[in-house]
Amino acid sequence: MTDDPLDTPVQFVPGVGPQRADLLVRLEIRTARDLLRLMPRDVLDLSDVRAPRELEAGALQSVRGKVVDRDARTISKNRTLTAVLFDCGDDFVRGVWFNQPWMLRKFDDGQTVLLSGKPKRSQGRWEFAHPNVQWIDDESAESAGRILPRYGLTEGLRMPEMRRIVRAAVEKYLHALPERLPEEFRERHELPGIRDAIRGLHLPRTLAEYEAARRRLVFDDLLEFQLALAMRRRAWKRDERAAVLPATTKIDARIRRLFPFRFTAGQDRAVEEIARDLASGRAMHRLLQADVGAGKTAIALYAMLVAIAAGRQTVLMAPTEVLASQHWRTIEQTLAHSRVRRLLLTGQLTQSRRRDALEAIREGTVDLVVGTQAVIQADVRFDRLGLAVIDEQHKFGVRQRSRFTQASDGGQWTASGESESLSDPSTDHGPPPASFSPHVLVMTATPIPRSLCLTQFGDLDVTTIDELPPGRQKVTTSRVVGSQSRAKVWEFIRKQLRAGRQAYVVAPHVGDDEALPALEASESLDGASDLAMAATRIHDELRAGELRDFRVGLVHGRMDRDERARIMEQFRSGDVHALVATTVIEVGVDVPNATLMAIHHAGRFGLSQLHQLRGRIARGRHPGYCFLLTDDQTEEANRRLAAFEATTDGFEIAEADFRIRGPGDVLGTRQHGDMPLEVADLVRDEKELEQARAAAMKLVDGGDFDEPEYAPLKIRVLERFGELMDLPKSG
């Protein structure tokens, strides 16, 4: 046993015992503390349930009833009606849903439910259109006038049991729960005390009391996270010295002459913000986010050339060889006539070429390195790394970003003057101080919802380019359902190919237990090999069918690298008319003549991924056409694809994807969306996130967080996030 009552193993909580304790462990409930802090998934508000005779038209109300009849039918060409009839004691009430046929499967005869909405009279009875529905257990049915929390359960554990267990924990252990927030802070942010909050969470007397309690726990969760981000941000700004890399008027003009286009206003703003950081003497930690095709690579290259002009090395890390190679081609074209010494470092280099590359990096005879994760291997040592650019940061972990700082312990050094060219090996800049850190620029072409900007990248300064360069062509997006519509799409694609255009055909993402219709039942699909199998099958079918008169290529992640590069080059040169591919083409592929894209089983992709794929087309002189081939009519798929059809704005799409699918993994250090937040939901709790961020920044930047009254809170933050975020242990 422990001295802290809150650490009491859950089996010793009254009413639990060893068997129920085993069930609770499945819910990650191991102690009395875990029970107290268990967040209900919602509440059942039985405090204002009305009989049908008491209902008022147009006002938000609830009724309780049993399912007695169900019906679904088509009422016009593109409209369906689902209706469920409920027996509410003294009368019947109907619930109706338009264009949501899946709702029929959610109800069984005899179920008791709570309907909430704004009713109206229709055909002699009350009718709720698209009501909120909550299913009621036996205990709840007898609890009129009460507000009952509803918890997540596991097999073998019923809701009444869980409520009794939590109630026992509150009665026995609530007194031991420590308060970490000073009273003045709680009053300022209108937060109840933690003990009042826990009681109001599990034993609420009113709905308002429950909401206030839930807000306190959510606010605590977000505040602690934001405090950790603010502490790391403060440590960087206070402790990390960096080389001063000035973008003087002369250097700025010399760099801009290398680009065959003028920067947009958005690019100019980005350059100004980045240049200010590079010249500050403090290590830059900045996120550059832009929509697909907005020109972020040009901005990154500008920053790298500023560093090189000051005698520093630079590195650009991409998550895949396809993207690294695309960056390399772009940089090679831009720097074709410059004296910048550069190399490409990927895993496919021969041992001797890799050895030569590592020596050049270590000795400082190369200025600019482009590569994959190969650039952060232990044997890669930079002589004078001044700037690290990380592209598509969300595909890396937060620890990979910090590897550049660790890899630079050889030091960087401040320029003693401006060099006459962008790279002058003979310039003597003097010895490097060992305490300098490189500047870090993180890039993403996947626009990030505001909530994730405040969490996943909350320790970074953010620069956004929200406009596209002039000349980008329009893309028309269409959902294609049914074989007859597909036949028309392939006829259109063939017509476009004959006119000289090119097409991508994207193989579907396949779930754990799903198979493509074209696959035999005996064939299983698993991971990357499944995608390769799906792509190969589609490739073979197109060559024999719809595209038999055209040259069709195939690329996927399981192919030999050289073979994949060869096929991509054939597509780029026009020797291949249509390319069947997995999502290896999601980023970094630029073929201006490709104007067509057909995405198989589009409902299985996330919106942001669909947007990245669509961004591969219409990058030249001709408009584009994106076809979403799908038979998926589920609620989520319909919402997602409808949102995708409605706009080509990546920022709007990112917000829609975020609302539909949730945030996934906030810090990018876990594989399956296991977030470092305990109870907060970044979609539902965006308002609390904004408030917690503002409070955390004020506490840390203003110095109040270092005062003794906040010591319990700081200890909690360090316990939760100290190791994950490499937080300083003091100060």
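The values are calculated or read from the model by the stated rules, or taken from the named source; none is laboratory data. Only a predicted model underlies this, so the values are computations on that prediction, with no experimental measurement involved. As a convention, Cβ positions derive from the backbone with ideal geometry for all residues, glycine included, and neighbour counts pool all protein chains shown. Note: areas computed on protein heavy atoms with side chains; ligands, DNA, RNA excluded. Shrake-Rupley method; radii C 1.70, N 1.55, O 1.52, S 1.80 Å.
Quick check on region 320-360: what does the Kirkwood estimate of hydrodynamic radius come out to from the alpha carbon pairs, in Å? Before the final figure, lay out each step's value.
On the way: mean 1/r = 0.0886 Å⁻¹.
Computed over region 320-360, the radius equals 11.3 Å.
3J(HN,Hα) along region 42-54: 5, 10, 9, 8, 9, 7, 9, 8, 9, 7, x, 5, 9 Hz, from the Karplus curve 6.51 cos²θ - 1.76 cosθ + 1.60 with θ = phi - 60°, whole Hz, x for Gly and Pro. Note on ASP69 and GLN333: their simple-model spin labels are 6.7 nm apart, each label 7 Å out from Cα toward Cβ. Here the chain is treated with +1 on each Lys and Arg Cβ and -1 on each Asp and Glu Cβ, and its dipole about the Cα centre works out to around 2000 debye. Close amide H contacts of LEU385 (hydrogens built in the peptide plane, cut-off under 5 Å, sequence separation of 5 or more or a different chain): GLN313. Couplings 3J(HN,Hα) for region 437-450, derived from phi with the Karplus relation 6.51 cos²θ - 1.76 cosθ + 1.60 (θ = phi - 60°), are 10, x, 6, 10, 10, 9, 10, 8, 9, 9, x, 10, x, 4 Hz, where x marks Gly and Pro. The angle separating the long axis of helix 686-702 from the principal Cα axis of greatest extent in the chain is about 60 degrees. For the pair ARG254 and ARG548, label points projected 7 Å from Cα toward Cβ lie 6.2 nm apart.
Overall, the anisotropy analysis places the chain in the oblate class: the square-rooted eigenvalues a ≥ b ≥ c of its C-alpha gyration tensor yield a/c not less than 1.5, with a/b not exceeding b/c. If you take the Cα centroid of region 297-371 and the Cα centroid of region 147-177, the two points sit 58 Å apart.
If R₀ is 45 angstrom, what is the calculated FRET efficiency for the pair ALA711 and ALA51, using the beta carbon separation as r and rounding to 0.05? Could the numbers behind the result be given before it?
Values: r = 55 Å, r/R0 = 1.22.
FRET efficiency, ALA711 to ALA51: 0.25.
On C-alpha positions alone, give me the angle between the axis of helix 483-498 and the longest principal axis of the chain, in degrees, nearest 10. Compared with the principal axis, the helix lies near 10 degrees.
Sorting 617-623, 557-563 by average packing, meaning the other beta carbons within 10 Å per residue, from highest down gives 617-623, 557-563.
A cut-off of 5 Å between modelled amide H atoms, ignoring neighbours fewer than 5 places along the same chain, links ILE390 with MET317, LEU441, VAL442, MET443.
Our estimate of slack between SER122 and ARG353, defined as 0.36 nm per intervening residue step minus the Cα-Cα distance, is 75.3 nm. The ARG164 and GLN633 beta-carbon pair, evaluated with R₀ = 51 Å, returns a calculated FRET efficiency of approximately 0.75.
In a fully extended conformation the segment linking SER483 and PHE261 would gain 75.4 nm over its present Cα-Cα distance, using 0.36 nm per residue. Database remark: amide H of HIS285 closer than 5 angstrom to the amide H of VAL440, ASP461 (H placed geometrically; neighbours at sequence offset of 5 or more, or on other chains; Pro and chain starts carry no H). Comparing PRO712, VAL370, GLY65 along the charge dipole axis of the chain, the residue lying farthest to the positive side is VAL370, per the Cβ-charge model.
Where the accessible area of the chain is counted over protein heavy atoms with a 1.4 Å probe, how much of it, in %, is carbon and sulfur? Before the final figure, lay out the partial values.
Values: 15150 of 32690 Å².
Looking at the chain in its full context, I get 46 percent from C and S.
Listed values for region 154-169 are Karplus-derived 3J(HN,Hα) couplings in whole Hz (6.51 cos²θ - 1.76 cosθ + 1.60, θ = phi - 60°), namely 9, 4, x, 10, 9, 4, x, 5, 5, 4, 5, 5, 5, 4, 5, 5, and x replaces Gly and Pro. Of the GluC sites (Glu not before Pro) found in region 1-95, the ones in coil according to DSSP and having at most 12 other Cβ atoms within 10 Å of their Cβ are GLU28, GLU56. Normalising the average separation of contacting C-alpha pairs (under 8 angstrom, six or more residues apart) by the number of residues puts the relative contact order of region 50-90 at 42 percent. Taking the C-alpha atoms only, the angle from helix 635-646 to the longest principal axis of the chain is near 40 degrees.
At 0.36 nm per residue, minus the direct Cα-Cα distance, what do PHE98 and THR536 gain on full extension? Give it in nm, one decimal, please.
Details: separation 438, 0.36 × 438 = 157.68 nm, distance 3.96 nm.
Full-extension gain reported as 153.7 nm.
Extending 7 Å from the Cα toward the beta-carbon at both ALA646 and SER573 defines two label points whose distance is 4.5 nm.
Taking R0 as 30 Å, what FRET efficiency do you get between ALA378 and ALA235 from their Cβ-Cβ distance, rounded to the nearest 0.05? Here the calculated transfer efficiency is 0.75. Pairs spanning more than 32 Å between alpha-carbon atoms, out of LYS237/LYS687; LYS77/LYS687; LYS106/LYS172; LYS77/LYS488; LYS118/LYS698: LYS77/LYS687; LYS106/LYS172; LYS118/LYS698. Applying the criteria of a DSSP loop state and at most 11 other Cβ atoms within 10 Å to the trypsin sites (Lys or Arg not before Pro) of region 20-114 yields ARG41, LYS77.
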